[in-house]
Amino acid sequence: MRLDDPAVLEILRRAKVARIATLSANGRPSVTSIYFAYVNGHIWLGTADWTLAAREAAADPRVSVLLQVEHNPQDRRILRITGNAVVRTDGAAQRIFMIQAALRYSWTPGGLLNQWQHRHLLGMMRRYHAQSAHKGKACVIDVTPESAEFLEAP
């Protein structure tokens, strides 16, 4: 299936969380849920370079990304995209991802309402991000898709 297929683009537009499957050095799979953006035909996943997903993608670029429309239980499709990943820590990728993520998650009516309702957690979130900054750099896992297919959820 092609990535420009309307059904694929619909899932990419409507899904809120991606699950990236990576492989450890000894071939064990790991799956991590993460926010994503679809940028110029690539799937960008925002994380930090010290996370398991980033370390494994850097060591073995073969990854799969699973996407599902979470808020529609009637839609049982899971989109599996297989491709190669590059871990990017450059400032340009960070800026583009932050803008795309804000447009997708924060700067929406639901996102703004959620931020307002959880404003009491702002201090804790700032401390978490400050702590994370000491562990390593923010990064984008840039996945170049090679194939896409639909699976059916159990």
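Among the strands (runs of 3 or more DSSP E) confined wholly to region 20-98, which include 3 or more residues that are farther than 19 Å from residue 146 by Cα?
Working: elements: 29-34, 36-39, 42-48, 62-67, 77-88.
It comes to 29-34, 42-48.
On the basis of being within 12 Å of the chain's Cα centre (by Cα), of a type in the set (Lys, Arg) and open to solvent by 30 Å² or more (accessible area, probe 1.4 Å), does residue 62 make the cut?
No.
Which of the numbered conditions does residue 42 fail, given that it passes all the others? Conditions: (1) in contact (Cβ under 8 Å) with a residue 40 or more places away in the chain; (2) farther than 19 Å from residue 98 by Cβ; (3) open to solvent by less than 70 Å² (accessible area, probe 1.4 Å).
Looking at each condition in turn, residue 42 falls short on (2).
Is it the case that region 128-145 has a residue that's surrounded by 14 or more Cβ atoms within 10 Å (Cβ to Cβ), part of a helix (DSSP H, G or I) and at pLDDT 85 or above?
No, region 128-145 has no match at all.
Filter region 1-15 down to residues that are part of a loop (DSSP other than H, G, I, E, B), in contact (Cβ under 8 Å) with a residue 40 or more places away in the chain and either closer than 13 Å to residue 39 by Cα or open to solvent by 70 Å² or more (accessible area, probe 1.4 Å) (or both), then give me how many there are.
Here the count works out to 3.
For residue 122, state whether it is among the aliphatic types (A, V, I, L, M) and open to solvent by 40 Å² or more (accessible area, probe 1.4 Å).
Taking the combined requirement at face value, the residue satisfies it.
Which residue, of 45, 66, 103, is closer than 14 Å to residue 142 by Cα, out of contact with any Gly (no Cβ under 7 Å at 6 or more places or on another chain) and hydrophobic (A, V, I, L, M, F, W, C)?
On the way: 66 fails: closer than 14 Å to residue 142 by Cα; 103 fails: closer than 14 Å to residue 142 by Cα.
Within the list 45, 66, 103, the selection yields 45.
The values are calculated or read from the model by the stated rules, or taken from the named source; none is laboratory data. Note that the structure is a prediction, hence the values are computed from the model and not measured. When we count neighbours, we look across all protein chains shown, and the Cβ atoms used for this are built from the backbone with ideal geometry, even at glycine. For the accessible areas, the whole protein counts, side chains as well, though only heavy atoms, and no ligand, DNA or RNA atoms are used. Shrake-Rupley method; radii C 1.70, N 1.55, O 1.52, S 1.80 Å.
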